[in-house]
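Participant: What follows is a structure written as structure tokens; I'll ask about it next.
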């Protein structure tokens, strides 16, 4: 299972960076939930694939270009994958750079739950892995 879960997450990064939002949409479960990290401006979770996609589209529309890059190994335990990630936005608006560690929970080959952590060690602990 873990190679499959990591493959789903890798495919997400590839689709995001190719600006293939249709492929990103297909990677999310219809009942997906996305939770922002503590202190993020929008604290309410995004509930359902369409809400998740609207949130992603709102984020992407702020800049002319953005990239999402894994900057650590993919750590997987069961159906969960954590990876330290750098997101950068450039162009219209101020340039932005944010590092978080998202935990992706995969259900039936799709991203079902996504939760962001500021602290990489905390995220690894949450999935039962170690640094």
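Values quoted throughout were computed directly from the atomic coordinates according to the rules given, and no laboratory measurement underlies them. Here the structure is a predicted model, which means the values were calculated and not measured.
Participant: For region 57-131, go through all pairs of different Cα atoms, get the mean of 1/r, take its inverse, and jot down that Kirkwood value in Å.
Facilitator: Computed over Cα pairs of region 57-131, the Kirkwood hydrodynamic radius comes out at 13.2 Å.
Participant: Let me ask something additional. Please give the helix 49-61 orientation as an angle from the longest Cα principal axis of the chain, in degrees from 0 to 90, rounded to the nearest 10.
Facilitator: The answer is roughly 50 degrees.
Participant: Rg/Rh for the chain: what does it come to with C-alpha atoms and Rh from Kirkwood?
Facilitator: Over the Cα atoms of the chain, Rg/Rh equals 0.93.
Participant: Per 10 Å bin from zero, what fraction in whole % of the C-alpha pairs of region 72-115 is there, up to the bin with the longest pair?
Facilitator: Result, from short to long distances: 26, 40, 24, 10 percent.
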